[in-house]
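The values are calculated or read from the model by the stated rules, or taken from the named source; none is laboratory data. Owing to the predicted nature of the structure, the values given are computational and were not obtained by experimental measurement. Heads up, the Cβs are rebuilt from the backbone with ideal geometry, glycines too, and the neighbour counts pull from every protein chain shown.
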């Protein structure tokens, strides 16, 4: 661990392990990560850019943010340290919990627990969907956004496969939002 | 019995089409419920991944994978979820400067966002309907949870409380 490069990678791994053990979800980890990395590993400007890109590109945003921070601090090996740190905690938690739960799968109380949980889970999804809608349309909600929302609602209602609907909405976005001049 | 390859491809697909963990819930629901896991298992997976620390999306993927094919299933789901963003990030960091000028990419994402929100509403409704608690108790739990979340109460506490309440109400 005397080589300064290894030190950076090791510090990155420790930092991401910590952030992922302490934060309950991807969006929540942004705050933690900001405190841990801005000023020490990267500038505020780099961090903001990393957040922006992780929102736009496909895949889990927490993971992408971790990799951006890792890259800024330690190049490609930094990306790998960040990835490892972000993956290990949820993997361990989930596999342990899943295997324990499997034994109780047919217990009456677990069924009741899930029955009580499902309205709250549905509420959580509604809430996140609103947050997503609000954050992603940073400018005010205009007619084009409403139009896409209504069209995709109709498409889902008729049970058109969701990947097609999403692709269509994106392509529609290119046409509707692309003409706007900045 | 679905092959591990099939499982892997589902998660690659979901992670290519959604831009964040929470947003993948709607898409994943359509891909797996009914053919790979039951409604009950899916609700458990979403509930647990919002309760446990760490990335929701990865935990959700692993739980589904585990339910379908045990530990290898969990690992395959993990690999499928990690691969697209990793390759994309490695690519993007190299062409970052050129990508910044591509306006069509942000327009595409702007169009995607409202559709994802609507998809999630449909998913929420299905989960509510099939969760079994559709009487006044279920509506009450759902509405109170929603209000609490808008008041910024931590979601994991709410989900656990709702489950505990369920034990008293429904068993």
**OP:** For the stretch B:22-29, state whether one or more residues are modelled with pLDDT of 85 or more, surrounded by 20 or more Cβ atoms within 10 Å (Cβ to Cβ) and either in contact with a helix residue (DSSP H, G or I) (Cβ under 7 Å, 6 or more places away or on another chain) or in a loop (DSSP other than H, G, I, E, B) (or both).
**Re:** yes
**OP:** Please indicate, with yes or no, whether at least one residue in the stretch B:129-138 is on the phi > 0 side of the Ramachandran plot and either touching a strand residue (DSSP E or B) at 6+ places or on another chain (Cβ under 7 Å) or at pLDDT below 80 (or both).
**Re:** yes
Subject >> Test for residue A:132: is it at pLDDT 80 or above and within 7 Å of chain B (Cβ to nearest Cβ) >> reply: no
**OP:** Confirm whether residue B:80 is under 18 Å from residue A:62 (Cβ atoms), over 11 Å from the mean Cα position of the chain (by Cα) and more than 10 Å from every other protein chain (Cβ to nearest Cβ).
**Re:** yes
